[in-house]
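Visitor: One structure, pasted below without further comment.
A short reminder: the numbers here are calculations on the coordinates, not readings from a lab. All values reported here derive from a predicted model rather than from experimental measurement. Note: ideal-geometry Cβ built from the backbone for every residue, glycine included; neighbour counts use all protein chains shown.
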Amino acid sequence: MTYLYIKSLHIIFVVTWFAGLFYIVRLFIYFAEATEKPEPEKTILQTQLKVMQKRLWYGITWPSAVLTLIFGSWMFYLYGSLPNWLIVKLGFVVGLFLYHFSCHRIFKQHQHGEVKQTSTQLRIWNEVATLFLVSIVFLVVLKNSISFLWGVAGLILFAIILMLAIRIYKKLRAR
């Protein structure tokens, strides 16, 4: 019974972590787009966006990442073994933490008023979290029911569809 409570908490914090990751990059996009605004609008927007980023990052995203790690480790301890699907999932989780740390780098840049990425680059970056989410959920739900090759093919197809959607959206915005 303890395992199910820990699993529930793990899922809750995974959801809030992803919510934070999705929203922080949206705030990064708005911050980058604010650089194109005239003064004083630029300063007003960027000042407000810095506050929003800081509250989200330290109030939701970081705590959720840490609690996800704690409850995930606890589940692993209670689970007692390391099946192949879980090894692959942990690889995706490591990748997700690398993504999180790179978002932290962008967050720090914005807190210092630096913008090194365009809004288009950040829109593409936002979809990386989607790829992790889809990969991890399918892996956890299907476990060994799907072959590795079909999983990789599906992930590549999904990534291509996301990139095409970004291109179409960019063209529609340009009009």
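Visitor: How many angstrom lie between the C-alpha centres of the stretch 27-58 and the stretch 98-175?
Guide: Measuring centre to centre over Cα atoms gives 22 Å.
Visitor: Provide the gained length on full extension for the span LEU69 to ARG167, in nm with one decimal, where the gain is 0.36 nm per separating residue minus the Cα-Cα distance. Working shown, then result.
Guide: On the way: separation 98, 0.36 × 98 = 35.28 nm, distance 3.47 nm.
Computed gain between LEU69 and ARG167 is 31.8 nm.
Visitor: Now for a different question. Would you kindly give the portion of the calculated P(r) for the stretch 46-175 that falls above 17 Å, as a percent of all Cα pairs? Can you show the working numbers first?
Guide: Working: 5699 of 8385 pairs.
Across the stretch 46-175, Cα pairs with separations above 17 Å total 68 percent.
Visitor: Within the stretch 2-174, how many lysine pairs that are 8 or more places apart, or on different chains, have C-alpha atoms less than 15 Å apart? Provide the component values of the computation, followed by the final result.
Guide: On the way: LYS42/LYS50; LYS50/LYS108; LYS54/LYS108; LYS89/LYS143; LYS108/LYS116.
Qualifying lysine pairs in the stretch 2-174: 5.
Visitor: Still on this structure: Report, to the nearest 10°, how far helix 119-142 tilts away from the longest principal axis of the Cα atoms in the chain, using its own Cα long axis and a range of 0 to 90°.
Guide: With rounding to tens, the tilt is 10 degrees.
Visitor: Within the set of other residues whose C-beta is less than 13 Å from the C-beta of ALA165, count the net charge using Lys and Arg as +1 and Asp and Glu as -1. All intermediate terms of the calculation are to be shown ahead of the outcome.
Guide: On the way: positive: ARG123, ARG167, LYS170, LYS171, ARG173; negative: GLU127.
Once positives and negatives cancel, what remains is +4.
Visitor: For THR43 and LEU157, compute 0.36 nm times the residue count separating them, minus their Cα-Cα distance, and round to one decimal in nm.
Guide: Using 0.36 nm per residue and subtracting the Cα-Cα distance, I get 37.0 nm.
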